[in-house]
Amino acid sequence: MLRVDFNVPLDAEFNITDDTRIQASLPTIRTLLERNAAVILMSHLGRPQKKRKEDGSIDREKFTLRHVVDRLSTLLEQPVLFATDTVGEDAMSKAAQLKAGEVLLLENTRFEAGEEKGDEDLARKMSQLADYYVNDAFGTAHRAHASTTVVAQFFDRDHKSFGLLMDREVKNAKVVRDNAERPYTAIVGGAKVSDKIGLLENLLGKCDYILVGGGMAYTFFMAQGGQVGNSLVEEDKLDLARDLLAEAKQNNTEILLPADSVIADKFSNEAQVQITPSDEIPEGWMGLDIGKKAIRDFSEVIVKSKTVMWNGPMGVFEMEKFAAGSIAIAEALAEATSLGAFTMVGGGDSVSAVNQSGVADKISFVSTGGGAMLEFLEGKELPGIKAIEE
Ligand code: 3PG
Ligand code: MG
C-alpha cells in the first residue's frame, strides 16, 4: 500500500491542470511494480468534508479520485484499477484479487469521516488491505491522518518505509534548512501573512534576504503607514508585521517588499490595471501582482544568491493579468541555478508558475509540498515522517 499525494488542481470540468504530484510518484510506483508488488494506491483529493453540497452531503462527483485514473494510467503505460470506496467492499475485494504488477487506486480517503481525525479503526481497516505500507506523500506529511500517520502503527519495522519521493523531498529540504550556502534568499508570497509567520520567524537570521510578494506584502506596507487602497490586509497582524521588520534588522536579514504593484479596480481578470508604488495605492484599487521595478529588484537579489527557496506566488497567479510577477521570479530562479545556485520551489501556485514558465527542469528541486515544506523548514517534526521513523 502506497500513500501518495494526488491532491492535484482540477479545472471546472475536472481536468488536471498540473500533474507534478502524479509525475513525482512514478519512480516509487515503477520500482514497486518492478519488484513484483501488487500496488494499492491511497490518497486524498481536496477537502470534501469541509466543502459539502448545499444539502450537507459529500460532493463525490467533485472530489472523486477517478479524476486522476486516466492520467496516471497514461503516465504508467498500464491500466489502473479503481475502487469506489476506501476500505469498503469494493476496496476489499479488489485489493484481495490484485495481482503482482497491477495497480489499484482507492477512492478519496477523505470521504471517510475518520481520516482527518486519525481514527484508529479506519487506519486498521486500511492496513488490512496490504502487507506493506510505503509512505510517499510528502505533501501531506504534516497531517496526522489515518492514511498518512496512524496506519503506520499497524505495520512492524520490516513492513513499512518511505518511498523514493519522500526521501528526495527530505534530503533537498534539509539542504535548505540546515546547510544553505550564502547568500541565501527566501521568496515568500501568497495571500496571508498569518500562513507564513512561523516560516518568516524561522528564516530571520538564517537568510540574507527575504523577498515578500503576494497579498501578504500589503499588511507590511500598511504597518509602515503606507496607503494600500482596497488591497488585502490582515488588520490583526499589523503589529506582528512591524515586529518582523524590526527583528529582521537585528538579525541582519534584509526584508525586501515590492517597490511597485500591478493594481486593479476589481478582483477579476477583466479589471482595469495600472502600476503604482505599492504604498500609494488609491482607494478603490487593489494590488494583485508585483510591478516591473519590484521584478527587477527581486531578480537582482535572486541571481546573486547561492541558495534560493521560493514558497507562495507573487500575485493572483490564476488570473493571466496578474501572473507576470510569479513567472518572472521563476525565470530568475532558473538563471540563478545556471549560475550555480541551489534553488528550491514549493507550494502549488509557485510550482505552477515554474511549470508555466517552462523552467521546471532548470530549478534544482521542485517540491510537491506546500504546507508540508513550510512546516519542515520551520523546524517542525512532520507526523507522517515520524510515524515511519519510529
Ligand atoms: C496540500 O495540498 O496541502 C496537501 O495535499 C494537504 O492537503 P490539505 O492542506 O487539504 O491538508
Ligand atoms: Mg494544504
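The values are calculated or read from the model by the stated rules, or taken from the named source; none is laboratory data. It should be emphasised that the depicted structure is a prediction, and the values quoted were computed from it without experimental measurement. Cβ atoms come from the backbone with ideal geometry, glycine included; neighbour counts cover every protein chain shown.
Here is a yes/no grid of residues against (1) surrounded by fewer than 17 Cβ atoms within 10 Å (Cβ to Cβ); (2) more than 16 Å from ligand 2 (Cβ to nearest atom); (3) at positive phi; (4) part of a helix (DSSP H, G or I):
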| site | (1), (2), (3), (4) |
| --- | --- |
| LYS99 | yes, yes, no, no |
| ALA113 | yes, yes, no, no |
| LYS117 | yes, yes, no, no |
| MET126 | no, yes, no, yes |
| LYS174 | yes, yes, no, yes |
| LYS192 | yes, no, no, no |
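Taking the range 234-304 and the strands (runs of 3 or more DSSP E) fully enclosed by it, no element has 1 or more residues that are closer than 30 Å to SER364 by Cβ and basic (Lys, Arg).
To keep it simple, each residue is scored yes or no on (1) at pLDDT below 95; (2) within 12 Å of ligand 1 (Cβ to nearest atom); (3) closer than 17 Å to ILE187 by Cβ.
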residue	(1), (2), (3)
GLU331	no, no, yes
ALA341	no, no, yes
LEU382	no, yes, no
GLU390	yes, no, no
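Total residues in the range 343-380 satisfying the condition of being within 16 Å of ligand 1 (Cβ to nearest atom) and aromatic (Phe, Trp, Tyr): the figure is 1. Restricting attention to the range 322-358, the residues that are in a helix (DSSP H, G or I) and more than 14 Å from ligand 2 (Cβ to nearest atom) total 21.
Selection over the range 176-189 of residues that are crowded, with 24+ Cβ neighbours inside 10 Å and either closer than 21 Å to SER261 by Cα or of a type outside the set (A, V, I, L, M) (or both) gives a count of 5.
Residue-level check: of (1) in contact (Cβ under 8 Å) with a residue 60 or more places away in the chain; (2) within 27 Å of GLY371 (Cβ to Cβ), SER261 misses just (1).
Residues that are closer than 14 Å to ILE290 by Cβ and of a type outside the set (Asp, Glu): does the range 241-252 have at least one? Taking every residue of the range 241-252 in turn, none turns out to be closer than 14 Å to ILE290 by Cβ and of a type outside the set (Asp, Glu). Would you point out the residue of the range 359-380, among those that are assigned to a loop (DSSP other than H, G, I, E, B), at pLDDT below 95 and more than 14 Å from ligand 2 (Cβ to nearest atom), that is surrounded by the most Cβ atoms within 10 Å (Cβ to Cβ)? Out of the qualifying residues, it is GLU378.
Here's the yes/no breakdown for (1) among the hydrophobic types (A, V, I, L, M, F, W, C); (2) under 27 Å from the mean Cα position of the chain (by Cα); (3) over 17 Å from ALA217 (Cβ atoms):
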{"site": "GLU234", "(1), (2), (3)": "no, yes, no"}
{"site": "LYS237", "(1), (2), (3)": "no, yes, no"}
{"site": "THR253", "(1), (2), (3)": "no, yes, no"}
{"site": "LEU256", "(1), (2), (3)": "yes, yes, no"}
{"site": "ASP265", "(1), (2), (3)": "no, no, yes"}
{"site": "ALA271", "(1), (2), (3)": "yes, no, yes"}
{"site": "ILE275", "(1), (2), (3)": "yes, no, no"}
{"site": "ASP279", "(1), (2), (3)": "no, no, no"}
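MET309 - would you say it is aliphatic (A, V, I, L, M), touching a residue at least 60 places away in the same chain (Cβ under 8 Å), assigned to a loop (DSSP other than H, G, I, E, B) and within 20 Å of LYS192 (Cα to Cα)? No. For the range 116-129, the count of residues that are within 16 Å of ligand 1 (Cβ to nearest atom), at pLDDT 95 or above and within 23 Å of ALA100 (Cβ to Cβ) is zero. Of all the criteria given as (1) outside any strand (DSSP E or B); (2) within 26 Å of VAL354 (Cα to Cα); (3) not basic (Lys, Arg), the one not satisfied by GLY225 is (2). Being surrounded by fewer than 24 Cβ atoms within 10 Å (Cβ to Cβ) and not aliphatic (A, V, I, L, M) holds for only one residue in GLY139, GLY215, and it is GLY215.
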